[in-house]
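> Can you read through this structure? Questions will come right after.
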């Protein structure tokens, strides 16, 4: 009697939920992902028919002839997306930020410390942020112009062309995808 009243309905409910949660829901999510850019496999960036990266995952650029990326707490490893989990008063974190500032100033001697945007010396929460603010890109223009022998105004115009405006003009900040910016930089004549 107890089996019929309590156990059997519980078993049926468990089987129904297994089908819904383990079969139907994943199939629904996979179908929706197929509608996204990249068909659920990520939005790849291609140059001359070769995949050079993903639009939504940051990459490491430290060569002086390129715009530098935002630092990463996970060394741009998408499998281990994470922040450093160090607070703003942690001595190790403060030393790491100071080291990044010092490195940036060595490679950009015309920039004052106060003019360095925070995103160039601090990692994002995911450690994989592919974007900079337009100011974060423009502060690097003098270095790149000198190395590549390109007019600064041309580089500023390139940054402006690559700047994505806020969604609907009001949601989120303006941003520049560093990978796409560096590809456009290499294509400048």
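The values are calculated or read from the model by the stated rules, or taken from the named source; none is laboratory data. Note that the structure is predicted; figures quoted are calculated from it, not measured. Cβ sites come from the backbone with ideal geometry, for glycine too, and all protein chains shown count toward neighbours.
> Do the conditions hold for residue 142, that is, is it closer than 17 Å to residue 66 by Cβ and exposed (fewer than 14 other Cβ atoms within 10 Å of the Cβ)?
In short, no.
> Further, regarding this structure: Given 58, 53, which one is outside any loop (DSSP other than H, G, I, E, B), surrounded by 11 or more Cβ atoms within 10 Å (Cβ to Cβ) and touching a strand residue (DSSP E or B) at 6+ places or on another chain (Cβ under 9 Å)?
Being outside any loop (DSSP other than H, G, I, E, B), surrounded by 11 or more Cβ atoms within 10 Å (Cβ to Cβ) and touching a strand residue (DSSP E or B) at 6+ places or on another chain (Cβ under 9 Å) holds for just one of 58, 53, which is 53.
> A further question follows. List every residue pair whose Cβ atoms lie under 9 Å apart, where the two residues are 6 or more positions apart in sequence or sit on different chains, the first residue falls within the range 103-125 and is at positive phi, and the second residue, located anywhere, is buried (at least 18 other Cβ atoms within 10 Å of the Cβ) and part of a loop (DSSP other than H, G, I, E, B).
Pairs found: none.
> Next up: From (1) surrounded by fewer than 11 Cβ atoms within 10 Å (Cβ to Cβ); (2) part of a loop (DSSP other than H, G, I, E, B), pick out the condition that doesn't hold for residue 41.
If we test residue 41 against (1) surrounded by fewer than 11 Cβ atoms within 10 Å (Cβ to Cβ); (2) part of a loop (DSSP other than H, G, I, E, B), just (1) comes out false.
> Let me ask something else about it. Can you confirm whether the range 71-89 contains a residue that is at pLDDT 90 or above, within 30 Å of residue 155 (Cα to Cα) and either surrounded by 12 or more Cβ atoms within 10 Å (Cβ to Cβ) or not assigned by TED's automatic domain parsing to the domain that holds residue 131 (or both)?
yes
> So, residue 157, is that one in the same structural domain as residue 67 (by TED's automatic domain parsing), under 29 Å from residue 51 (Cα atoms) and part of a helix (DSSP H, G or I) or not?
yes
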